[in-house]
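Presented below is the structure to which this report refers.
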Amino acid sequence: MRAKPPLPAHKGLFGRPSVINNVLSFAAIPFILDNGAKAYADFGMGRSRGTMPIQLAGNIRYGGLFETAFGATLGELVDEIGGGTFTGREVRAVQVGGPLGAYFPRALFDTPFDYEAFAARDGLIGHGGIVVFDDTVDMVKQARFAMEFCAIESCGKCTPCRIGSTRGVETINKIINGERVAENLAVIEDLCNTMKFGSLCALGGFTPYPVMSALKHFREDFGGDLGPAPARLQAAE
């Protein structure tokens, strides 16, 4: 195993550029062979072409697996295809991209389901998983879950992931208990920056997405007199 970059597409097997396909790539082959590459590329928008299988889960009325072209908005996926929450309460947060995806509030439901659009708003499409939460969710606990998930799943090879996630759980516990909230939030922000840019793989590198998005969009859940969001969070808005 080696650190990336270089990515396999630049330098892979035998030091040569190598294409690595996943099941989504193989699933698109029959349609492309039958109808042509242009017909497939006509689905989607921008650089995100074709279709994507999307998993709707969590507190949602019509969960399941749906395939749709890139470009549908997050709101259309949650409210029209998914039918809103199963409980009938307001949707408060949606996590897109798996357990390390960012949390989006309803204010961002106009975001097209498109790689570039999500990246522009500090989000990830990932494997296309969408998990819905109603207005009873506690977002500081969701931030803690992300750090705990990383701590459990870490292979232990790199320090930012192995130690950073463990310190993250401990620090968020202090925030939940009301201990020096503002100072511990600054520690969380520093930990997230270290993990995002210093981890060897995507586990540690992506853990900051749910943590920082929870802090950015649901700041009131973190308790204490927090004041305005830190400059680095405001700059991403």
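Every number here is computed from the coordinates shown, using simple stated rules; none is lab data. Just so it is clear, the model here is predicted, and its values are computed rather than measured. Virtual Cβ from ideal backbone geometry, glycine too; neighbours counted across all protein chains shown.
Using a 10 angstrom cutoff on alpha carbons, build the Gaussian network for the chain and name the most mobile of Tyr40, Tyr103, Tyr209.
Between Tyr40, Tyr103, Tyr209, it is Tyr40 that shows the largest mean-square fluctuation.
In Å, the Kirkwood hydrodynamic radius of the range 1-42 over pairs of distinct alpha carbons?
12.2
Can you tell me what percent of all Cα-Cα pairs in the chain are more than 34 Å apart?
Value for the chain (Cα pairs over 34 Å): 21 percent.
State the number of lysine pairs found in the chain whose Cα atoms come within less than 24 Å, restricting to pairs 8 or more positions apart or on distinct chains.
The number of close lysine pairs in the chain is 11.
For the chain, what is the charge dipole size about the Cα centre, in debye to the nearest 20, if Lys and Arg each add +1 at the Cβ and Asp and Glu each add -1 at the Cβ?
1040
Give, in nm to one decimal, the length gained when the segment between Lys141 and Glu67 is fully stretched (0.36 nm per residue of separation minus the Cα-Cα distance).
Taking Lys141 through Glu67 to full extension adds about 23.5 nm, to one decimal.
Could you line up His10, His217 from fewest to most neighbouring Cβ atoms inside 10 Å?
If I rank by nearby Cβ atoms, fewest first, I get His10, His217.
Hey, how much of the P(r) for the range 52-134 falls beyond 20 Å, as a percent of Cα pairs?
Numbers: 625 of 3403 pairs.
So the portion of pairs separated by more than 20 Å is 18 percent.
Given Pro8, Leu65, Thr166, which one lies farthest toward the positive end of the charge dipole of the chain, if we put +1 on the Cβ of every Lys and Arg and -1 on the Cβ of every Asp and Glu?
Looking along the dipole axis, the top candidate is Pro8.
Suppose each label sits 7 Å from its Cα in the direction of the beta carbon; what would the Arg121-Asn173 distance come out to in nanometres?
Label at Arg121, label at Asn173, 3.5 nm between them.
Report the extension gain between Met45 and Ile32 in nm, rounded to one decimal, defined as 0.36 nm multiplied by the number of residues separating them, less their alpha carbon distance.
Full extension from Met45 to Ile32 adds 2.9 nm.
Between Ile20 and Phe197, what's the calculated FRET efficiency when r is the beta-carbon distance and R0 is 22 Å? Round to 0.05.
Rounded to the nearest 0.05, the efficiency is 0.40.
Mean shadow of the range 139-235, computed from the convex hull of its alpha carbons, in nm²?
One quarter of the hull surface, i.e. the mean projection, equals 5.3 nm².
Output the 0 to 90 degree angle, nearest 10, between the alpha-carbon long axis of helix 181-198 and the longest principal axis computed from the alpha carbons of the chain.
The answer is roughly 30 degrees.
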